[in-house]
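Have a look at the structure below before the remarks.
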Amino acid sequence: MPGLTAAELAARVGVTAEHVEELRAAGVLAAAGDPDAPYELEDTNRVVLADSLVASGFPLADIAAAVEDGRLTFGFVGDLFTEPVDYVPGTTMAEFVAANGVPMELVRQVHTRFGLPQPAEDDPIRADEAKYMPLAAMALGAGFEDAALAHFSRVMGENLRRLAEAQVHFYTSSIVGGMIENGVAPLRAWELSTVMGREMRPMFRELLLWVYERHQEAYILEDVVEHMENALRGQTPSRERVRDQAIAFLDLSGFTRLTEERGDQAAAELAATLADLVQDASTPHGGLPVKLLGDGVMFHFPGAGAAVECALELVERAPAEGLPPAHVGVSVGPVVVRDGDYFGRTVNVAARVADKAGPHEVFVTDEVVASAAGAARFSSVGDFELKGIAGALTLHRAERPEF
């Protein structure tokens, strides 16, 4: 787009034209040093970044001095983000909601549900907010239950936040951090990395959409098949999707002591190794990790046999991956499936069964033994009172079958 004047740039980011000129004089903006040069849309990012530094306690004069002697540069900021932070010129959030009939409280709710900072009424409105806020009002007006919509929004916001955090952490530690370890100055590393980032960004977008649609396809197929099966049986499906599933909990023995000896970084590395191992081992058995718990993981399988086979593989492979000894508990029965998580007594039992297993052991319930014939050799280890579970349960040790 054509260049912006100081007044036009100021209107987009909610500052004065005089402040824009101050930032130009400080060397922050693309037009630094040339009073006749136009501003560019990417300068919105530079204004936001510079004002964030000022808000954190660095006077603009100090920023200008750092730019002058080469310690700071704002040139790479234009390529740092996916898109320039674009604002609707001269429009505050309060003016936007009044003009579009969107309640301010709804705007705040949408931001909160997606895990984003709540806007103030006098904040300038971003162009992306102006585009998507009316969709929130439309969704509520379409008859969706507010509680269900709120829940879905929170799940979506939290998972996308975690994805964004993981992506930026990978980029910062692997790409920028690698350059710094090889002697490149930090800001120069960021500047160089933006070239790679600009090339990778379209590929990441395509990858993100591809992975999402593949998972979506699988879950649509699963739900349609379930409804067809219910129709063939003459059954009405439960809204809460209550179904039998095998649930397993894996814990690492001595994890706390080990991480206290080796430190927090070692704990993070062990947790990452465990996550990779569980994903690698469970997928061939039709399993899916549900929750990573630092020193353990909860995962589920459509059947008990696959869960037991995977559990035995995991306790064997854990030491070879440099992990402390693992122990696993498996239970099978009805669970409530919601938003990729699993709830109910079966889940609670699996967690408590795992607590009773020792290093390298897989313990299971009576129901697992009955459902997983042939998957393992089972031997009773006795009756146990499990915390939070009514009545004693007979537990069994699972071992590799003899051939």
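Mind checking which of A164, S371, T194 is farthest towards the positive end of the chain's charge dipole, using Cβ charges of +1 (Lys, Arg) and -1 (Asp, Glu) about the Cα centre? Looking along the dipole axis, the top candidate is S371.
Ordering A307, L9, N182 by Cα displacement along the dipole of the chain toward the positive end leaves A307 in first place; charges were set at the Cβ atoms of Lys, Arg (+1) and Asp, Glu (-1). Can you list the lysines whose alpha carbon is less than 25 Å from that of K356, not counting same-chain residues fewer than 8 positions off? Here the lysines satisfying the reach criterion relative to K356 are K291, K387. Would you calculate the separation in nanometres between label points at D341 and A164, each defined as 7 Å from the Cα along the Cα-to-beta-carbon direction? It is 2.1 nm.
Residues whose amide H falls under 5 Å from that of S253, counting only those 5 or more places apart or on a different chain, are A326, H327, with hydrogens built in the peptide plane. Put simply, the amide H of L4, placed in the peptide plane, has neighbours under 5 Å in Y39, E40, leaving out anything fewer than 5 places away on its chain. Phi angles of region 388-396 translate, via the Karplus equation with coefficients 6.51, -1.76, 1.60 and θ = phi - 60°, into HN-Hα couplings of x, 10, 6, x, 6, 10, 7, 10, 10 Hz per residue; Gly and Pro are given as x. Here the Karplus curve 6.51 cos²θ - 1.76 cosθ + 1.60, taken at θ = phi - 60°, turns the phi angles of region 261-276 into couplings of 6, 9, x, 5, 5, 5, 4, 5, 5, 5, 5, 5, 4, 4, 4, 5 Hz, with x standing for Gly and Pro.
Taking the Cα of L116, stepping 7 Å toward and past its beta carbon, and measuring to each backbone N in region 159-173: which are under 15 Å? Taking a point 7 Å out along Cα→Cβ of L116, the residues of region 159-173 whose backbone N falls under 15 Å are 159-162, 164.
For the chain, DSSP calls about 90 percent of its internal beta bridges antiparallel. Here region 6-79 is assigned +1 on the Cβ of each Lys and Arg and -1 on the Cβ of each Asp and Glu. Its dipole about the Cα centre then comes out at about 200 debye.
The HN-Hα couplings worked out from phi for region 32-49 by the Karplus form 6.51 cos²θ - 1.76 cosθ + 1.60 (θ = phi - 60°) are 4, x, 10, x, 9, 6, x, 8, 10, 4, 4, 5, 4, 5, 5, 5, 4, 5 Hz, whole numbers, x standing for Gly and Pro. For V381, the residues whose modelled amide H falls within less than 5 Å of its own, excluding neighbours fewer than 5 places apart on the same chain, are L395, H396, R397.
Taking the alpha carbon gyration tensor of region 242-399, multiplying each eigenvalue by 5 and rooting it gives semi-axes of 24, 17, 15 Å, largest first.
A short reminder: the numbers here are calculations on the coordinates, not readings from a lab. Predicted model only: the values in this text are computed from it and were never measured. Cβ coordinates were reconstructed from backbone atoms using ideal geometry, including for glycine residues, and neighbour counts include every protein chain displayed.
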